[in-house]
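S.K.: Before I ask anything, here is the structure I am working with.
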Amino acid sequence: MDVWKYQYVFNPLYRSYCDLLKVGPDEVHSIADIPYLPIVMFREHDVRTGNWVPEKIFRSSGTTGSIQSKHLVRELNWYHKICRKCFQIPVDKPEQYAWIGLLPSYLERTDSSLVSMVHHFMESSKHPENRFFPQISEEIITSLKLLQQSNKPTILIGVSFALIDLFARADVPVWDNLLVIETGGMKGRGREITRDELYQQLRVHYSGLRIASEYGMTELLSQAYRMDGHFHSGPTMRVYMRDISDPLRMIGDGQRGVINVIDLANIDTCAFIATDDIGIAYPDGGFDVLGRLDNSDLRGCNLLYV
């Protein structure tokens, strides 16, 4: 509630949106009353609370000629601190692992929040094997084999399509200390599949493959992870559901709706965001991501992989 009051006063864009809805301080008495800013506003405006100069600007991976969503980041170190907190609760400290990123390198995509997070984790762990691979090649197979031989705890993180292409091969080394983290949906790459179907495809040759999922986006500084069963948010983030046909009506647990996020890490931009993702929330705070609204933009980290 304190964050809402602060952003209503010092974020002109968000205040204008709330005022258009006729929802001001006199109408907001609990979290349930707080309006959520449509995520498209990050594409069309600079979303900023207060007066400051961004150290970093993250941009979404859009199609050629599209307008990218952008997130102004006041302090990059703040984002990395949040990433660590969100990661180490469900998994472990990032430095406990060697990191293989099936992603463009940091120098190739300096404006990607996902790449920045993985690059920071690589710098924290300082393992000599840490490396980005923008495409599938024999080099990534060789790197994984060397890590397998030493039985080193390793995280292979990549976008869904790249991982599907990789594990379609029968020669990818898999061992107990390997954890694969996929980071996105399937929009724009043919038939949309469920996450369970995705896991089945990744395990086509490797039934015991350990798989987790990360839920994040350019407009959020926090992440959620699915290690077993459902996604669970980091300590600065909570997910709620709104009615698909009525964006101002919230719905209860167990009902299919569209994801609204409170991300308190977005203290300098907007912490209350109405996404385009369809999902279900559960009483224990967990949630599932089922897909995206049909009219949402073609965007997301899978567009990093060509």
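S.K.: Within segment 1-48, how many residues are part of a helix (DSSP H, G or I), in contact with a Phe, Trp or Tyr (Cβ under 9 Å, 6 or more places away or on another chain) and either of a type in the set (S, T, N, Q) or surrounded by 15 or more Cβ atoms within 10 Å (Cβ to Cβ) (or both)?
M.R.: Summing the residues that are part of a helix (DSSP H, G or I), in contact with a Phe, Trp or Tyr (Cβ under 9 Å, 6 or more places away or on another chain) and either of a type in the set (S, T, N, Q) or surrounded by 15 or more Cβ atoms within 10 Å (Cβ to Cβ) (or both) in segment 1-48 gives 8.
S.K.: Select from segment 104-123 the residues that are over 13 Å from residue 157 (Cβ atoms) and free of Cβ contacts under 8 Å to residues at least 40 places away in the same chain and write down the one among them that is surrounded by the most Cβ atoms within 10 Å (Cβ to Cβ).
M.R.: Going through the qualifying residues, I end up with 106.
S.K.: Yes or no: residue 141 out of contact with any helix residue (DSSP H, G or I) (no Cβ under 8 Å at 6 or more places or on another chain), farther than 21 Å from residue 265 by Cβ, in a helix (DSSP H, G or I) and not aromatic (Phe, Trp, Tyr)?
M.R.: On the way: out of contact with any helix residue (DSSP H, G or I) (no Cβ under 8 Å at 6 or more places or on another chain): yes; farther than 21 Å from residue 265 by Cβ: yes; in a helix (DSSP H, G or I): yes; not aromatic (Phe, Trp, Tyr): yes.
Answer is yes for this residue.
S.K.: Output the residues belonging to segment 158-180 that are part of a strand (DSSP E or B) and either crowded, with 21+ Cβ neighbours inside 10 Å or among the charged types (D, E, K, R) (or both). Lay out the reasoning, then the answer.
M.R.: Step one: of segment 158-180, the residues part of a strand (DSSP E or B) are 158, 178-180.
Matches in segment 158-180: 158, 178, 180.
S.K.: Checking residue 86 against (1) assigned to a helix (DSSP H, G or I); (2) surrounded by fewer than 18 Cβ atoms within 10 Å (Cβ to Cβ): exactly one of these is not met. Which one?
M.R.: (2)
S.K.: Now for a different question. Quick check on my filter: what residues within segment 12-35 are closer than 16 Å to residue 249 by Cα, touching a helix residue (DSSP H, G or I) at 6+ places or on another chain (Cβ under 9 Å) and in contact (Cβ under 8 Å) with a residue 40 or more places away in the chain?
M.R.: Hits for segment 12-35 are 31, 34, 35.
Any read-out appearing in this document is the output of simple, stated calculations on the displayed coordinates, not a laboratory observation. Remember, predicted model here, so these are calculated numbers, not experimental data. All Cβ positions, glycine included, derive from the backbone under ideal geometry; neighbour counts span all protein chains shown.
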